[in-house]
Amino acid sequence: MDIKQDGEAREIHIQPKAREATEDRKLLDRPTRHETLQSDSWRVLRITSEFVSGFDDLADVYPAVSIFGSARTREDNPFYQRAVQTAELLGRAGFAIITGGGPGIMEAANRGARNAGALSIGCNIELPFEQKINAFVDKAMNFRYFFVRKTMFIKYSEAFITFPGGFGTLDELMGAVTLIQTKKITNFPVILYGSAYWGGMIDWMRSTVLDEHNITQEDIDAIHLVDDPEAVRDIVVEFHDRALVTNADEGESVFAIGRKD
């Protein structure tokens, strides 16, 4: 912006307006004692209401699978097309599709659900930068807190299907296998799509993490590595059918998902 002063133009720089911190950051940043007394206790009520809202919105969703992957994956990327095909196959098999509701792989999965006429769900998250719900979501939900959102993915899914992605995708993946490892949830298929992308991580787990006795072979076997949408569909359908039969055993049946097709 230029302002005239004494016949000369003087440039004035205006600082951009600072973004307001997200609710997650407000919760997790170390507070002052005054902030603790004034805000954290009341924030619990907001968190509780977000859980209640999520449970109410998804209570009738069954069966469903969650599909994860990078928000940065472009439409011309082969993994985008494979995610569309995978979600479409699962949708035609009777499964609702749950994603983070954003662009990239999430959009691809919601698009596949829409193509199949299946329920397409997007669980969006408040971020410092705007992330819009993609155009292929039928049931949209918005969350302030990552841990509430992650609970919805876990609670209402019969499988986790993970396409190539970054830290957020890895967070969802490791959260799921940790809950399975510690028996906090019933074992269900955790599927990695793309052996070329994920294979190095699995090799490292076998050669280093397992070799150091930090995980067991059973933990490795809780991850299935595939390269074909039909294989994903078959794994999920088979597990679902077995679970219906063994549901009375409180989820103690084991489904081996550690081999590569």
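What follows draws every value from the coordinates through simple rules; no lab data is involved. For clarity, every value in this text was computed on a predicted model and none was experimentally measured. Glycine gets a Cβ as well: all are built from the backbone with ideal geometry, and neighbour counts include every protein chain shown.
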| field | Separation of the Ile220 and Ile202 label points, Cα + 7 Å toward Cβ, nm | value | 1.1 nm
| query | Between Val245 and Ile154, what is the label-to-label distance in nm when each label sits 7 Å out along the Cα-to-Cβ direction? | reply | 2.9 nm
| note | From fewest to most C-beta neighbours within 10 Å, the residues Leu45, Leu170 line up as Leu45, Leu170
| task | Tell me the label-point distance for the pair Arg46, Val209, using the 7 Å Cα-to-Cβ offset, in nm and rounded to one decimal. | result | 3.4 nm
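Per-residue counts of other Cβ atoms within 10 Å, averaged by peptide: what ranking do you get for 180-190, 78-88, highest first?
Numbers: 180-190: 15.6, 78-88: 22.5.
In decreasing order of mean packing, 180-190, 78-88 become 78-88, 180-190.
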| query | What ranking do Ile215, Ile121 get, fewest neighbouring Cβ atoms within 10 angstrom at the top? | reply | Ile215, Ile121
| Which loop trypsin sites (Lys or Arg not before Pro) in region 120-153, with loop taken from DSSP, have no more than 16 other Cβ atoms within 10 angstrom of their Cβ? | Lys132
| field | Tyr62/Ala93 FRET efficiency (R0 22 Å; Cβ-Cβ; nearest 0.05) | value | 0.95
| note | Residue separation between Glu230 and Glu75 times 0.36 nm, minus their alpha-carbon distance, gives in nm 53.7 nm
